[in-house]
Amino acid sequence: MKYKIFTYGCQMNIHDSEVIAGVLEKAGYEPSETLKDTDVVVLNTCCIRENAERKVYGRIAQLKYFKQRNPNFTIAISGCMVQQPHVVEYISKKLPYVDILFSIKNVNKLPELIEECRRIDSITAALAGNSDLAENLEVKHTSSIKAWVPITYGCNNYCTYCVVPYVRGREVSRLPEDILREVKTLADEGFMEINLLGQNVNSYGKNLDKPFDFPELLRKINEIEGIERIRFITSHPKDLSDELVLAMKECEKVCEHIHLPVQSGSSRILKKMNRHYSREHYIELVNKLKDAIPNISITTDIIVGFPGETEEDFLDTLDLVKTIEFDSAFTFIYSKRIGTPAAQMEDQIDDEIKKERLKRLMELQDSITKRKNNELVGTVQEVLVEGESKNDAQKLSGRTRTNKLVNFVGPKELIGHLADVKITESHTWCLIGEAVN
Ligand code: 5AD
Ligand code: SF4
């Protein structure tokens, strides 16, 4: 039996797909090369914006063709989309050729669900989340160099535009001993980089019986031998403490990079977004980070066209982008999500205005990214070499501590090691260089 997984959305989903693959392989499944030789397809879905959902529906429509040719072809859907009742209803009514809908919390039951749906000819649903967090499940790592380790699940923040708290549930922290044991095992297996995952890693530990916070977790992971680099996503500005800045500064393995979504440069809009910080507070945080860690790279997420966003609010965002000089930014057009407060707000912005604002924002950020990358030409950067470059088989590829992608000339033996790379060229999306050791 062969399986294929399509993953949409964030790093958490990418990691969840590693768990899905691990569970299936433990049950004897093998990965397939093409859809034609696949028995089970799993779609691990995202619903953060409308276009994420659109892509999933496009893929489901394509799968109908395979189902018609092979009745044993099994289609299973998990991830954030199926945690929305209106999506479940739609799939059940309109897409009856889908076989299984399952909550990611029930991933360990997937092999049984596949068996069951072969016996019963209707959609098998395992959506009610098992409240226990899955510990000790097999993970099939997509890389042997860097690993993703969830530290919290869910989100309590209820930003008014965001569907995540409704589909991923309340925030729950994993026990520190479970996380530390996992990281130690990964270090023993030869992983060099750990990426800690959570919707808001800065609030790690808030619900634990024994107090244990995120800076403490970083310090403990920093002591684990074999691990060379520690990264984490995502940080919420409202919970970024002085202790965290200090831990980042003092832990030599914690990379000089923070992804700190600002969402808007207008304090008025930030308030409507329920973000619990102002433009000024954000600038102050960034200054603290830059003072403590002078070469830190700062990346962000920005939404344009949130309900009620005026040209003046948008200019505040452009101005903030100029002030902070982000290394890069993910920029999004506000997308109405069913069940979120912002979807009910009256002053929704015209699509044309949103597109035009996105274009202006991207142009500004691209010019800043380009300039910042250009400043690195001539410097030598430590790169963790992850493999051959995707676009140029002659080159190797990896990331700087500041999380910039570098494609460079060097011997293949460097894969899986840290290399010193001299930067010779810069582009918006990557740096070019040559190994110097
Ligand atoms: N519309 C547009 N962007 C959104 N994000 C979250 N919800 C929405 C939405 N409804 C963005 C935020 C978040 C990132 C992961 O996705 O910027 O940080
Ligand atoms: Fe969504 Fe806000 Fe939670 Fe991030 S912090 S997942 S944007 S609700």
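The values are calculated or read from the model by the stated rules, or taken from the named source; none is laboratory data. Since this is a predicted model, take the numbers as computed values, not measurements. Every residue, glycine among them, receives a Cβ derived from its backbone with ideal geometry; neighbour counts consider all protein chains shown. Areas reflect the complete protein model, heavy atoms only, side chains present, ligands, DNA and RNA absent. Shrake-Rupley method; radii C 1.70, N 1.55, O 1.52, S 1.80 Å.
Kindly indicate which of 274, 295 is touching a residue at least 12 places away in the same chain (Cβ under 8 Å), part of a loop (DSSP other than H, G, I, E, B) and more than 16 Å from ligand 2 (Cβ to nearest atom).
Matching residue, one of 274, 295: 295.
Under 6 Å between Cβ atoms, at least 6 apart or on separate chains: pull out the pairs that start in segment 216-234 with a residue that is of a type in the set (Ser, Thr, Tyr) and end on any residue that is open to solvent by less than 40 Å² (accessible area, probe 1.4 Å) and within 16 Å of ligand 2 (Cβ to nearest atom).
Here the result reads 234/259, each pair linking segment 216-234 to a residue that is open to solvent by less than 40 Å² (accessible area, probe 1.4 Å) and within 16 Å of ligand 2 (Cβ to nearest atom).
Out of everything in segment 421-437 that is among the hydrophobic types (A, V, I, L, M, F, W, C) and closer than 12 Å to residue 409 by Cα, what residue ends up being nearest to the chain's Cα centre (by Cα)?
Top of the filtered list is 431.
When segment 181-196 is examined, which residues are found to be open to solvent by 50 Å² or more (accessible area, probe 1.4 Å) and part of a helix (DSSP H, G or I)?
If the condition is that a residue be open to solvent by 50 Å² or more (accessible area, probe 1.4 Å) and part of a helix (DSSP H, G or I), then 181, 184, 185, 188 are the ones that fit.
Looking only at segment 160-180, decide whether some residue is open to solvent by less than 10 Å² (accessible area, probe 1.4 Å), in contact (Cβ under 8 Å) with a residue 40 or more places away in the chain and either within 16 Å of ligand 1 (Cβ to nearest atom) or closer than 22 Å to residue 277 by Cβ (or both).
Yes: segment 160-180 contains one or more residues that are open to solvent by less than 10 Å² (accessible area, probe 1.4 Å), in contact (Cβ under 8 Å) with a residue 40 or more places away in the chain and either within 16 Å of ligand 1 (Cβ to nearest atom) or closer than 22 Å to residue 277 by Cβ (or both).
Scan segment 121-146 for residues that are in contact with a strand residue (DSSP E or B) (Cβ under 6 Å, 6 or more places away or on another chain), over 22 Å from residue 102 (Cα atoms) and either outside any loop (DSSP other than H, G, I, E, B) or at pLDDT below 95 (or both) and jot them down.
Hit for segment 121-146 is 146, nothing else.
Residues to consider are 370, 355, 322; find the one that is charged (D, E, K, R) and either within 16 Å of ligand 1 (Cβ to nearest atom) or outside the structural domain of residue 190 (by TED's automatic domain parsing) (or both).
Values: 370 fails: either within 16 Å of ligand 1 (Cβ to nearest atom) or outside the structural domain of residue 190 (by TED's automatic domain parsing) (or both); 322 fails: either within 16 Å of ligand 1 (Cβ to nearest atom) or outside the structural domain of residue 190 (by TED's automatic domain parsing) (or both).
Residue meeting the stated conditions: 355.
Filter segment 146-182 down to residues that are touching a Gly at 6+ places or on another chain (Cβ under 9 Å) and within 16 Å of ligand 2 (Cβ to nearest atom), then give me how many there are.
17
Which one of 237, 261 is in contact with a strand residue (DSSP E or B) (Cβ under 6 Å, 6 or more places away or on another chain), closer than 28 Å to residue 323 by Cα, within 16 Å of ligand 2 (Cβ to nearest atom) and touching a residue at least 40 places away in the same chain (Cβ under 8 Å)?
261
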